[in-house]
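The values are calculated or read from the model by the stated rules, or taken from the named source; none is laboratory data. All of these numbers come straight from a predicted model, not from anything done at the bench. Here the Cβ positions follow ideal geometry from the backbone for every residue, glycine too, while neighbour counts run over all protein chains shown. Just so you know, the surface numbers come from the protein's heavy atoms only, side chains and all, with ligands and any DNA or RNA stripped out. Shrake-Rupley method; radii C 1.70, N 1.55, O 1.52, S 1.80 Å.
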Amino acid sequence: LMEIFGLKRGMAFAVVAFFILILAAGVVWFIRSAPPRILIMTSGPTGSAFQTNAERYCKILAQKNVTLKILPSEGSTQNLKRLNDPKFRVDVGFVQGGVTNDLGTSTLVSLGSISYEPLLVFYRADAPITLLSEFTGKRVAIGPHGSGTRSLALKLLDLNGIKPGGATTLSDLEAGEAAKALDDGTVDAVFMMGDSASPRLIKQLLFTPGVRLVDFVQADGYTRSVSYLNKLVLPRGALDYGKDIPPHDINLVGPTVEILARPSLHPALSDLLLEAAQEVNGKPSLLKRRGEFPAPLEHDFPISPDATRYYKSGKTFFYRLLPFWLASRVNVLFVFVPLVVLAFPAFKVLPFLMRLRMSLLIYRWYRELLSFEKELQGDLAAAKRKDLGAELNQIEEAVNHLKVPPSFANQFYNLRAHIQLVRERLQEETAPAPKPPPRE
């Protein structure tokens, strides 16, 4: 830089340091832009539907060389608290719709809903119970603290005039303990959902003699009063056609389950999670049709831009064609292309500006010489000639101290030669005219 562009040492080091800094920043950005290989998910209690889904996602992501670390939790409420806590290390989690009402919202985004989560209310009684108000004065297990089951149970019981501390005994038994308590008669009813109970335990209760399932005859009313609830129907005979279980259609209510994520979730990992959700949750079941989930159903949290793009057009071009690890690198590299396109003109302009700077510097001294030469015209007094000589010396000294790159050596030496030419003319003007030869 010093030789080619004529920069001073300090300026040359500054330019080199600047480009090294840009290069280092680009390398760091390239490394950090690649999707991480580890994803942390907060799921649910051991054996719950949340935990089961997370384990299935884990196997699918492992095929893409991404490790899904699963953190068991008490349920939806604790998952939401973890995601909202910036100090807690977690990326995504399952959250049941409706639990956000008491916690407020944040910057979290949704990747969409993955399933319905029916509320199942089991009880022992001689006559069918169709109204939750009929549990007044009874012993009811509403789910452990931190579960979405408890949150929804309290909401619906409150609509029926049943509140904590009243005549109805509300217990926070864990799902397994609640089922055992219902079996031995220490509770009269239990509320269960997939965020805190295992599918095996729910199926066991469905087939337990003497245990009934509440038919929500007011399901339509609940869905109008509680915006995040959906009316679901368990068809007659769907559990066992031969034994006709259940003996009639049973109306249920339930929210949907969303995958919530922090805004920093990498787009490629968002695509992988939704791809896993399609494989795991896109299958038909008793309460949903094939391909109904995952779905961009927006509730308390906005659907992330990456999820919106996925629902509209699927994975990005390179992730469709290439293996995940290779596509992640290629995708990042293509981000550099516009930067290179923008940077190329800058690198092209820099030498031009440096040449223009040197040319203007040399032309400046040529202007000085032209002005100096005009003053040589006509008769000059001795004092004036002396001043012009001193001025020319100053010009020559200034030019000799110029730092000129080799590419401008020709112009530089031409300038010095022209200075000498002007000096010779000054000396000719200063020298006395030769005397004429004497006459013979």
Any chance you could count how many residues in the range 244-279 are open to solvent by less than 20 Å² (accessible area, probe 1.4 Å), touching a Lys or Arg at 6+ places or on another chain (Cβ under 7 Å) and modelled with pLDDT of 95 or more? 1
Hits in the range 69-102 - residues which are of a type in the set (Lys, Arg) and within 9 Å of THR42 (Cα to Cα): LYS69, ARG82
Considering only the range 156-208, state which residues are under 19 Å from VAL253 (Cβ atoms), open to solvent by 80 Å² or more (accessible area, probe 1.4 Å) and in a loop (DSSP other than H, G, I, E, B). none
Which listed residue is within 21 Å of TYR228 (Cα to Cα) and under 35 Å from the mean Cα position of the chain (by Cα), from VAL90, VAL121, VAL99, VAL66: VAL99
Condition first: within 30 Å of LEU273 (Cα to Cα) and modelled with pLDDT of 85 or more. Can you find one or more residues in the range 21-31 that meet it? no
Residues of the range 61-99 satisfying the condition of being among the hydroxyl-bearing types (Ser, Thr, Tyr) and under 16 Å from MET193 (Cβ atoms): SER73, SER76, THR77
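Do we find that SER304 is over 28 Å from PRO199 (Cα atoms), open to solvent by 70 Å² or more (accessible area, probe 1.4 Å) and hydroxyl-bearing (Ser, Thr, Tyr) in this structure?
No: the conditions fail for SER304.
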Residue check: is GLY146 at positive phi and not polar (S, T, N, Q)? yes
Consider the range 156-194. How many of its residues are in contact with a helix residue (DSSP H, G or I) (Cβ under 8 Å, 6 or more places away or on another chain), touching a residue at least 24 places away in the same chain (Cβ under 8 Å) and not small (Gly, Ala, Ser)? 16
